[in-house]
Every structure is written in C-alpha cells, then in structure tokens.
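Here's the structure we're looking at; comments come further down.
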Amino acid sequence: MSTVSSAQSAKLWLEQSRAWIEPELVAALNELERSPARLVEAMRYATLDGGKRLRPAIARLACHWCGGSDADARGAALAVEFIHAYSLIHDDLPCMDDDAWRRGRPSCHVAFGEALALLAADALQTLAFDHLVRTPRGSAGPMVSALAEAAGASGMVGGQVLDMALTGVSRTRPLQLEEVSAMHALKTGALIAAAARLGALAADAPAERCARIWSWGQCLGRLFQAIDDVLDVTADRSSLGKTPGKDQAQLKPTLVAALGLDAARAYAQAQAERARALARDIGGEQAATALGFADLLLDRQS
C-alpha cells in the first residue's frame, strides 16, 4: 500500500466522518430543549464551530476496524467530541491559556461571559457520558471507565496541571523532553488515544485488539501535539484559527522549547512512523486508512 493512497484514504475518511457526526451532534444538542436556552446556545457555539472532528473520525475508524458499524460508534464519537469541546472552553479561559480566539472566532467566554462558558463546559462533560452509555453493542462500564481515565486526573485534566506547573520553568532551567512528552501524553494524547480505544470497545473487540488500537491512538496523540507545538511557531492566525506565538510568549512547555524547531519536527516524524508501523502490524480492512492518519496529522496546517 502506498503512502499517497493511504493519506488520501484517511482524508476521505475524515471528510466522511465529519459529514456523519455533524448532524449527530446537532441532534444530541437538540435533545436539550428543556434546558435553559442561553446555556444550550453556549454549548452549541462551543461545539458546532467547524472543528476537524478528528476524534470522532478516529473512534468511528477504530470501531469499523474491529467489525462495528456507525450505529455502534455513535456514542463513543459523540462523547469524545463533547469532552473535547468542553476542554477547549476551559483552555481558553483567562485563568488557563487566556486566548480570545478559537477556530477563527471569539472564544466561548468572550462571546458568553466566563460564568456561562464554564457552565456550558460542565454541561458538555456530563452530556458526553450520557451518550456514551447508550452504545448498543459495547459494554458501558469499561467505556465509561476508559473515558473517565482519559479525561480526568490521570489524563487530560492531569496534563493541564502539568502544563501549568511547567509554564515559566524555562526561565530558570532547560525543559526536558521527558517532562514535556509526559505532559503531552496526558493533556492532548489521552483523549485522542481514548477515541481509538472507545471505538474498539464499542465494537466489543477482544482485549488484545483493543490494546493494540489504543497504542496506535497514543502515537497519534503524541504526533498531534508535536505538530501543534510546531504550528504555534510557524503558522499565522488565519490558518491556525487561534493566536499563534502564545506558547513562546508565555514560556509554555513545548517540544520546540525543549528541543528546538527542527528536533521537534523530527520527534513528530518518529511518532508518525511508529503509528504507521502499528497500523501495519494490526492489519485488516481499515489498516490502509489507519496508516494514512499519520500522514494526515503530520502534514496538517491548522
């Protein structure tokens, strides 16, 4: 299988998955008609804003890779995207990364105020678990546990705490690759990896296959964040959709800060090759598309 055909297959899968999940997100939010209208408006604003829908696409791919269907994947795909949307609201708050822009428009707290944005994030987090337990085929208990681990203190939230602790450290000492990569694995990587794991669990895949697909997702998570660090230095706001250069200005713990730009790119290349190797090793009908996701993330510009 050629890298070009695999990359094209992954791009097509991402486009098809975006077209599939968008109406599902709308339908899920429409179920909240008895909730306060302004709260739901803020939840819609934070969720239905033209994101790449990478995490739902990965969940859907992993589910199909294990013999599942779109119906099987729906709960996992909705859950990871709602968790992702809530995390972005928090990331942009003045007490966190303090960014007024997200995906080319004002951040949720700028548009709705800090209090309502915070509550919208809380509501999106609980909505994720509501839809996850509706998965028709997979076992709800392991899926809830997997998402809670990825999103909580041992995952995304823990990674944010490490990010805060390491911010500004470079004033007094060099950042170490090990501490930056450990933070990345939790803050960004855990939810991307969880998307793959949840997709496999939604298809009721055997434990060994779930573990291998989870490893593939972990490589994609590290790759995604490595490229994010590079783009903060090399991209402009129109292509990035948020304020570039903030990581450097705020002395954030990034791979570029720890290694330099060229070595950060090399790190991303290494993660991409590891993801490709895992996809080849797992094999199966969806392996070509899974293989192409490494190229898709490596070459992204936003």
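All of the numbers you see were taken from the coordinates with simple rules; none came from a lab. Computed from a prediction, not measured in an experiment: that's the story for all the values here. Here the Cβ positions follow ideal geometry from the backbone for every residue, glycine too, while neighbour counts run over all protein chains shown.
Some notes on this structure:
- Estimated [θ] at 222 nm from DSSP helical runs (n ≥ 4, -39500 (n - 2.57)) normalised by residues in the chain, nearest 500: -23500 deg cm²/dmol
- Lysine pairs in segment 3-298 with Cα atoms under 19 Å, if 8 or more residues apart or on separate chains: 7
- Between the amide H of ARG105 and any residue lying 5 or more places away or on another chain, no distance stays under 5 Å, with hydrogens modeled in the peptide plane.
- Residue order, fewest to most beta carbons within 10 Å, for ARG55, ARG300: ARG300, ARG55
- Restricting the GluC sites (Glu not before Pro) of segment 32-129 to loop positions (DSSP other than H, G, I, E, B) with no more than 13 neighbouring Cβ atoms within 10 Å leaves GLU33.
- The separation of segment 200-224 from segment 87-148, counted between C-alpha centres, amounts to 22 Å.
- The chain: relative contact order in percent, alpha carbon pairs under 8 Å with at least 6 residues between: 23 percent
- Neighbour counts of other Cβ atoms within 10 Å put MET43, MET183, MET164, MET143 in the fewest-to-most order MET164, MET143, MET183, MET43.
- Cα-Cα pairs of segment 58-171 separated by more than 24 Å (percent): 36 percent
- Within the chain, helices built from complete DSSP H runs that reach 27 Å or longer along their own axis (Cα positions) and carry a mean Kyte-Doolittle hydropathy of -1.0 or higher are 3-30, 70-92, 114-132, 207-234, 261-282.
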